[in-house]
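Asks: I have a structure here, written as structure tokens, and I will follow up with some questions on it.
The values are calculated or read from the model by the stated rules, or taken from the named source; none is laboratory data. These figures come from a predicted structure and were not determined experimentally. Quick reminder, even Gly has a Cβ in these numbers, built from the backbone with ideal geometry, and neighbours come from all protein chains shown.
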Amino acid sequence: MARGRDDDRQNVSMDRRPALIVAHPGHELVLFGWMEETQPVVTVLTDGSGRDGASRLASTLNVLRETGAVPSDRIAPRSDREFYAAVLSGNIDLFIDLATTLGDELAERETVCVAGDAREGFNPIHDICRMIIDAAVARAQQSGSVIANYEFSLFQPHDRIACDARQHGVCRILSEEQFQRKIDAATNYPELATELEWAFTGSTRKVLQKYPDLASIVDGVIGGMNERSFAMECLLPARGVSLAGRPFYERYAERLVADGRYEQAIRYREHVQPIERALAAL
């Protein structure tokens, strides 16, 4: 255990730990310092295997051990392919079951705080994860639970939302020791090398070089992001609102279909909105 860590985090009983719910392995790194302090129960909805089928779960389990967080034993992460297939085929029951199981777990653990992916329109699974979290919290609250429901951005530098987070949520700057542990954990997560490159440079033009117009959209959001920006961690109250206009993931998927890399594009109105409506009615 790294020196100084005991000074940065508290002992949290299992029943009172907050919950962290993320769509993919690796997202937890954004809240590395928060995890050290609160040692949450972590649910990861997918294994992060993407198109190549290689799971990222082992690397995330290393991060959880490093911070003192624990994986939930209620939900086994599904493969990315299974998740995307469920979206495209309209298998709404899968998402209802996830929200129901999570809601019951939150109520049983008497969880008072939940953090999870924000809905940002860049990846449909990220957005559906937020819908599942909101439905789970609503279900738990039906049994009398009082739960603070927070979201964190994966694409926006957290210093942009620091003022709002200080007033309405959680905002803190990591100590130098915590920050270095966070950067070390990220650089020792081999499956995220590509993501770290654009996150540390604030540009996706190398990743999306074939689609410069799409790169400009993403770069407009992540502009100002760099290695040092990860010293700030912010949580905002979950908004619970739909995004305006067509999401980025629709336009990106259309290009990939045209290039023969995908067979079918996930679209908000056709595929995601029915899931959203079913979860809202849970």
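Asks: Scan segment 80-93 and tell me whether some residue there is modelled with pLDDT of 95 or more, more than 22 Å from P18 (Cβ to Cβ), aromatic (F, W, Y) and not in a helix (DSSP H, G or I).
Replies: Taking every residue of segment 80-93 in turn, none turns out to be modelled with pLDDT of 95 or more, more than 22 Å from P18 (Cβ to Cβ), aromatic (F, W, Y) and not in a helix (DSSP H, G or I).
Asks: Just wondering, is there one or more residues in segment 200-207 that are of a type outside the set (F, W, Y), more than 30 Å from F179 (Cα to Cα) and either modelled with pLDDT under 95 or buried (at least 17 other Cβ atoms within 10 Å of the Cβ) (or both)?
Replies: Among the residues of segment 200-207, not one is of a type outside the set (F, W, Y), more than 30 Å from F179 (Cα to Cα) and either modelled with pLDDT under 95 or buried (at least 17 other Cβ atoms within 10 Å of the Cβ) (or both), which makes the answer no.
Asks: Could you list, in sequence order, the residues of segment 157-173 that are over 16 Å from A115 (Cβ atoms) and either buried (at least 19 other Cβ atoms within 10 Å of the Cβ) or among the hydroxyl-bearing types (S, T, Y) (or both)?
Replies: P157
Asks: Hey, another quick one. Pick from A238, A231, A193: which is loosely packed, with under 15 Cβ neighbours inside 10 Å and among the hydrophobic types (A, V, I, L, M, F, W, C)? Before the answer, list the steps.
Replies: Details: A238 fails: loosely packed, with under 15 Cβ neighbours inside 10 Å; A231 fails: loosely packed, with under 15 Cβ neighbours inside 10 Å.
Unique residue meeting the criteria: A193.
Asks: OK, next. Counting only residues that are over 10 Å from the mean Cα position of the chain (by Cα) and over 19 Å from S145 (Cα atoms), which one in segment 113-133 is surrounded by the most Cβ atoms within 10 Å (Cβ to Cβ)? Spell out how you get there, then give the answer.
Replies: So the first thing to find is which residues in segment 113-133 are over 10 Å from the mean Cα position of the chain (by Cα), and the list is 113-114, 120-124, 128, 131-133.
Subsequent filtering for residues that are over 19 Å from S145 (Cα atoms) retains 120-124, 128.
Values: E120: 19, G121: 22, F122: 17, N123: 19, P124: 23, I128: 25.
Checking each candidate, the answer is I128.
Asks: Give me the pairs: first residue in segment 135-147 and within 13 Å of T101 (Cβ to Cβ), second residue part of a loop (DSSP other than H, G, I, E, B) and modelled with pLDDT under 95, beta-carbon distance under 7 Å, and six or more apart or on different chains, which are they?
Replies: Close Cβ pairs (under 7 Å, with a partner that is part of a loop (DSSP other than H, G, I, E, B) and modelled with pLDDT under 95) amount to A135/L282; R139/L282.
Asks: Condition first: in a helix (DSSP H, G or I) and farther than 19 Å from E195 by Cα. Now tell me which residues in segment 39-77 satisfy that. I'd like the intermediate steps shown before the answer.
Replies: First, the residues of segment 39-77 that are in a helix (DSSP H, G or I): 57-67.
L64, R65, E66, T67, listed by residue number.
Asks: Which numbered condition trips up D213, out of (1) loosely packed, with under 15 Cβ neighbours inside 10 Å; (2) at pLDDT 95 or above; (3) within 20 Å of the chain's Cα centre (by Cα); (4) over 19 Å from P157 (Cβ atoms)?
Replies: With (1) loosely packed, with under 15 Cβ neighbours inside 10 Å; (2) at pLDDT 95 or above; (3) within 20 Å of the chain's Cα centre (by Cα); (4) over 19 Å from P157 (Cβ atoms) applied to D213, the lone miss is (3).
Asks: Name the residue, out of R251, R277, R269, that is among the charged types (D, E, K, R) and touching a residue at least 24 places away in the same chain (Cβ under 8 Å).
Replies: Numbers: R277 fails: touching a residue at least 24 places away in the same chain (Cβ under 8 Å); R269 fails: touching a residue at least 24 places away in the same chain (Cβ under 8 Å).
Answer to the check: R251.
Asks: Okay, moving on. Within segment 62-96, work out how many residues are surrounded by fewer than 18 Cβ atoms within 10 Å (Cβ to Cβ) and of a type in the set (D, E).
Replies: Adding up the residues that qualify gives 3.
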